[in-house]
1. Taking 7 Å along the Cα-to-C-beta vector as the label spot, tell me the residue 136-residue 319 distance in nanometres, rounded to one decimal.
2. Over what distance in Å are the Cα centres of the range 100-120 and the range 316-350 separated?
3. In percent, how large is the relative contact order of the range 181-307, given Cα pairs closer than 8 Å and 6 or more residues apart?
4. Using Cα positions and a limit of under 20 Å, work out the aspartates and glutamates in reach of residue 302, with same-chain residues fewer than 8 apart set aside.
5. For 146, 154, 316, what ranking results if the residue with the fewest other Cβ atoms within 10 Å of its Cβ goes first?
6. If you stretched the chain out fully between residue 266 and residue 178, how much longer would it get, using 0.36 nm times the residue separation minus the C-alpha to C-alpha distance?
7. If R₀ is 45 angstrom, what is the calculated FRET efficiency for the pair residue 35 and residue 238, using the beta carbon separation as r and rounding to 0.05?
8. Which residues among the range 261-276 fall inside the zone where the amide N is under 20 Å from a point 7 Å beyond the Cα of residue 360, along Cα→Cβ?
Amino acid sequence: MEARQRASQPWEGIWMNYVVLDLEWNQANGITEHEVPAIPFEIIEIGAVKLYTVPCGQPADGGSSAGDGKSGSGGEPVKGRDTEKDRRVGSGAFLIERAGEFNQLIRPSVYHEMNQATGRLIHLRMKELKKGRPFLEVAEAFFAWCGEEEYRFCSWGSADLTELQRNMAYYHMKPLADGPLAYLDVQKLFSIAYEDGKSRKSLEYAVDFLELEKDISFHRAFADAHYTAKILARILAEKPAALRNLSYDVFHPPKDRKSELKVQFDNYAKYISREFDTKEEALADREVASSKCYLCRRNLRKKIRWFSPGGKHYVCLAYCEKHGYLKGKIRIRKSPAGKVYVVKTTKLISDEDAEALKARREHASDVHRKRIQRKSRGTKERP
């Protein structure tokens, strides 16, 4: 279990080392090649930037290699930009040190023709990829570059770590974690820090919003990691409290009840269950079905039991005498093993939102009732 960090200052408790990564991948073209279910997206490029945060007046560890502008494993300097100006960003409490860069192509072994949409987006041809190294070699070089010190993975969006772990599993590599992997979704953090916390904008939109310099082209692994690192550095400098909002990659769900994840954030709580054989078994589990106030830890009676307003998720409404209405939301996810697990969130809502949820429940009941009536009439009309 990973408890929420509460800090007396916004920057206290912030992870000190960050590996900002971006991946490019290829997929079957559906004509001459067909999808391999175990690896629908084959990684063809890894790009990453390493950031350290250090208190003002203290040098980062390994300062001689920080910001050297070179890719991992003896690569060449990244061309077309001035690496020196990216080295440090200041804030009142600490400096953000750009401590290294990684960029390598991967020679494909699953899909040997470039998907047309992928090729148009990333401007990369199979001829270039054939000069790369096998996935296992590049992945091992990448993790060696990451180093032995503790670090937090960061990415733009939620897909990269899932596909990295899927590719690792395909090649029988040791998993990154035994269960859910905590990371920073910088796309989400940008929304929390500068917008409504719900929208998910493009990387280029965020770069323009923050008026960051566009010094290399987008849509390649290193370029997108480079810009994501710039955005993360700005958030660290201006809105460090946003980094308390961790995300979790659940390619490997919790293995048992004891390892289930319960996390409390500033304005909601999240629970990630172990695997179940069926959706019905998951929904019948006591912990999954329960409603608790994440502020006072009381078990609550539901005002509205779990129901599915549109078939994609389940919601409920509970009431805490001390803190008011809470909305529960359950999403059923499939694991790579073919089983299911639950992601449940609980959040305080206003009286107005509670009334709106009650109206949704009534509407869902009406729709269900009419569906049953139509089926009943159809049965009676049959000869």
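1. Calculated label separation equals 6.2 nm.
2. Using only Cα atoms to place each centre, the spacing works out to 38 Å.
3. Values: 117 pairs, mean separation 24.2, N = 127.
Over the range 181-307, the number comes to 19 percent.
4. Here the aspartates and glutamates satisfying the reach criterion relative to residue 302 are 280, 285, 287, 321, 351, 352, 353, 355, 362.
5. Starting with the residue having the fewest Cβ neighbours, the order is 146, 316, 154.
6. Values: separation 88, 0.36 × 88 = 31.68 nm, distance 2.61 nm.
Contour length minus Cα-Cα distance gives 29.1 nm.
7. Values: r = 42 Å, r/R0 = 0.94.
Efficiency, rounded to the nearest 0.05: 0.60.
8. Taking a point 7 Å out along Cα→Cβ of residue 360, the residues of the range 261-276 whose backbone N falls under 20 Å are 267-272.
A short reminder: the numbers here are calculations on the coordinates, not readings from a lab. Source: prediction; values computed, not measured. Heads up, the Cβs are rebuilt from the backbone with ideal geometry, glycines too, and the neighbour counts pull from every protein chain shown.
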